[in-house]
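*Asks:* So that we are looking at the same thing, I have put the structure below in structure tokens.
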Amino acid sequence: MSVRSVEELRRELDRLMREQVDSTRKETFGGLGEEELQQQKERLKRIREVSADFLAALKRNLDRPQ
């Protein structure tokens, strides 16, 4: 398992969050189909995973001896 950098994780989390905001906006103003709702559900799951990895990477950086 490769350890991803804080910056890589931050970029992925940023991209996922932007996609989620766009999806939520579309859901609010135009509605989403079943496939789009499933994508939204999977994206939220991935956001949780990447967020946990991001926090772990930040902790690793803080715990590293200076």
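*Asks:* Can you tell me which lysines have their Cα less than 24 Å from the Cα of Lys26? Leave out same-chain residues fewer than eight positions away.
*Replies:* Lys41, Lys45
*Asks:* By how many degrees, 0 to 90 and rounded to 10, does the Cα axis of helix 6-29 deviate from the longest principal axis of the chain?
*Replies:* Here the helix axis deviates by roughly 20 degrees.
*Asks:* Further question: Taking the inverse of the average 1/r across all pairs of different Cα atoms in the chain, what Kirkwood radius in Å do you get?
*Replies:* 13.2 Å
*Asks:* Hand me the trypsin sites (Lys or Arg not before Pro) from the chain located in a DSSP loop with no more than 12 other Cβ atoms within 10 Å, in residue order please.
*Replies:* Sites meeting the loop and neighbour criteria: none at all.
*Asks:* Hey, what angle do you get for helix 34-63 against the long axis of the chain, alpha-carbon based, 0 to 90 degrees rounded to 10?
*Replies:* Approximately 10 degrees, to the nearest 10.
*Asks:* Using the count of nearby Cβ atoms within 10 Å as a rough guide to exposure, how do Val50, Val21, Val6 rank from fewest to most?
*Replies:* By the 10 Å Cβ count, ascending, the order reads Val21, Val6, Val50.
The numbers here are math on the coordinates, done by the rules we state, and not lab data. This structure is a prediction, so every number in the text was calculated from the model and none was measured. Note that we place each Cβ from the backbone using ideal geometry, even for glycine, and neighbour counts take in every protein chain shown.
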